[in-house]
1. Inside region A:188-206, can you point out the residues that are of a type in the set (S, T, Y) and without any contact (Cβ under 8 Å) to a residue 12 or more places away in the chain?
2. Of all residues in region A:418-460, count the ones that are over 27 Å from the mean Cα position of the chain (by Cα), exposed (fewer than 14 other Cβ atoms within 10 Å of the Cβ) and not in a loop (DSSP other than H, G, I, E, B).
3. Take A:A178 and tell me if it is of a type outside the set (S, T, N, Q) and more than 14 Å from chain B (Cβ to nearest Cβ).
4. Determine the pairs where a residue that is under 12 Å from A:N55 (Cα atoms), located within region A:325-337, has a partner that is assigned to a helix (DSSP H, G or I) and hydroxyl-bearing (S, T, Y) with Cβ atoms under 6 Å apart, the partner being 6 or more residues away or on another chain.
5. Has region A:274-286 got any residue that is in contact with a Pro (Cβ under 7 Å, 6 or more places away or on another chain) and aromatic (F, W, Y)?
6. Are there any pairs, at least 6 apart or on different chains, whose C-beta atoms fall under 6 Å, with the first in region A:358-381 and touching a residue at least 40 places away in the same chain (Cβ under 8 Å) and the second assigned to a loop (DSSP other than H, G, I, E, B) and crowded, with 17+ Cβ neighbours inside 10 Å, and if so, which?
7. If you go through region A:358-369 one residue at a time, do you hit one that is out of contact with any Ser or Thr (no Cβ under 6 Å at 6 or more places or on another chain) and modelled with pLDDT of 95 or more?
8. All but one of (1) more than 20 Å from A:F67 (Cα to Cα); (2) away from chain B (no Cβ under 11 Å) hold for A:E234; which doesn't?
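The values are calculated or read from the model by the stated rules, or taken from the named source; none is laboratory data. Bear in mind the structure is a predicted one, so any value in this text is a computation, not a measurement. Positions of Cβ are backbone-derived with ideal geometry, glycine not excepted, and every protein chain shown enters the neighbour counts.
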Amino acid sequence: MINLVGIGLLVIYFFILIAIGFYGGRIARKTREDYFMAGRGLGSIAVFMALFASNITAFTIIGHAGFAYETGYGAYGYVIGWSIFITPFTYYLVGYRSWLLGKRYGFATQPQVFGGIFKSKLVSLLFLVFLLYYTLPYLVVSIIGGGLAFTTVTEGMVPYWLSALVIIGISLVYTIPAGLRGTVWTDIFQGTLFLVVAVMLLSAVARALGGFSEITADIVRDNPAMLQRGLSEELAPINWFSYSFINSIAVIVFPQIYTRILAARSSLNLKQVSMYYPLALAVIFGVSTLMGVWGSVAVPGLEGQEADNIVPMLIHQFLSPTWMVLGLVVVLAIVKSSIDSQLLAVSHLVTVDFLPRFKRLSSMQAVFWGRILLVIFAGIAFYVALIQPGAILSIAGFAFSGFSVMLPVMIGALYWPRANKYGATAALIVPAVMLHLWYLDVLPRWTTFGFMPVFPSFVLAILVLIVVSYLTPAPPPEQREKTFGLFERVFQ
Amino acid sequence: MTFRIRFFLVCMIVLVMFLLHNSFFLWNLDGYVPLLFGFMPFAYSYYVGYAILAVLAMKLISDLAWPDPPEEITSQFGDKESSKQ
């Protein structure tokens, strides 16, 4: 049961978030650039924590620990191994060139960057539609994960619907007044908080279970399969390889991540972020992997979605109530830092890429509509989170796959002058349709040749982009010059 | 060294990191050397090492093929924005 100290900690945590929102709202200028892009003035620490905290979702603590509970230490490499390198690499590969275009031409979102490169309203619209379509389920997953954890830790005292409402409500309190600046400041606070407290929690759980060596010895004795990747069906090499195309390369496509990269002040900020990002990812997933594997011997016998609650269960069974609240704060910090950025991202996309198709908005009107849309999307996400469609991992997996198959078009646009709007349009639509046909079991699974659907869809996106671009007219030289002329001046 | 060659080297770094991640032939070591130094599970510590390698790889990539932009490129949009406000 939560004690007074715990309630005090929760109150302080919420108070800090609200204070940040209030202060951010007071100093923010009411312009589109300032509200959605923080004036493109984010420094290294701000960008780092904004990307890291936005990237880490409920899945890290809830889904991943549950997965490690079932599959062992191999879950670490399977889920995050390739991401440790390739995610920061995509910040260079896609992020830096996009940042240059943003600085040069004022682009702030993917529909603007890629619609601008291809000079195509259709490409811009497709980016908008797909990004919204994949971000909303991902947002719902975060709310479901956070809501379940909140309810579990409070032993049902706070019902699920109220947990979800609190999580969204507090996120709105600081996001509405302060926009990106507010979410970035809270990201710095929440990201630091969940990194530090997660490591503290891990060492407390380790002590409670007899120490690191003792637990590992228990695992070797009671559940040795946890140490061997080759013994897990789920970690089969073909799945391992396929998963490289889901989790890791999707991150740069997330609109909340992409926009934050464009909001960096300088090239140096992005370099520093890319260099230290692997360590932060390794630490937070390292903690949840150990919690999951340790849980398999400390609290054996959990199956399916039950295993997703292993972290709250470990804290509940082996630590004092104050630790339980600290665990809850970690989960809340992780969940809320991704929810606020996702909410702001979808509101930003609709405000700057959809509404202007019907009505020209002044800078101040854009801020007004951005705030209204934040509330609307929060309401939709809350409602869907109450219905709870599907298991956490499969929803996240589907949204991640959807983002991943958009990457070939982004890379093609930034590196291949021959890529044109026809190729980009086809390469956005065809793989997305195929992905749905496979996930909805319209096409038999043998047609993926044993791979997860994301891999053939990804390959298809590359092929379609190349073939259709070659079969249709090349972009005019002045259009290419706008993008590649700029790059030639930088990359010498 | 031209940018094209430097970028080729970057691609090689990516390839090496990809192969190190998909190094299924090393999975047998999970059974042969289950615990490194007697307490660190091999499947886990492999990725601790991989993370350190990733930091070095990003540093190398940054030095090889990540030039800072000339100031006139990044200042143009900023100038236009500030003149509007």
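1. Scanning region A:188-206 gives a single hit, A:S203.
2. Total satisfying the criteria: 3.
3. For A:A178, the condition - of a type outside the set (S, T, N, Q) and more than 14 Å from chain B (Cβ to nearest Cβ) - is met.
4. Matching pairs, first to second residue: A:V335/A:S142; A:K336/A:S171.
5. yes
6. A:S363/A:T31
7. To start, the set of residues in region A:358-369 that are out of contact with any Ser or Thr (no Cβ under 6 Å at 6 or more places or on another chain) comprises A:358-362, A:364-365, A:367-368.
Of the ones still in play, those that are also modelled with pLDDT of 95 or more are none.
No, region A:358-369 contains no residue that is out of contact with any Ser or Thr (no Cβ under 6 Å at 6 or more places or on another chain) and modelled with pLDDT of 95 or more.
8. Failing condition for A:E234: (1).
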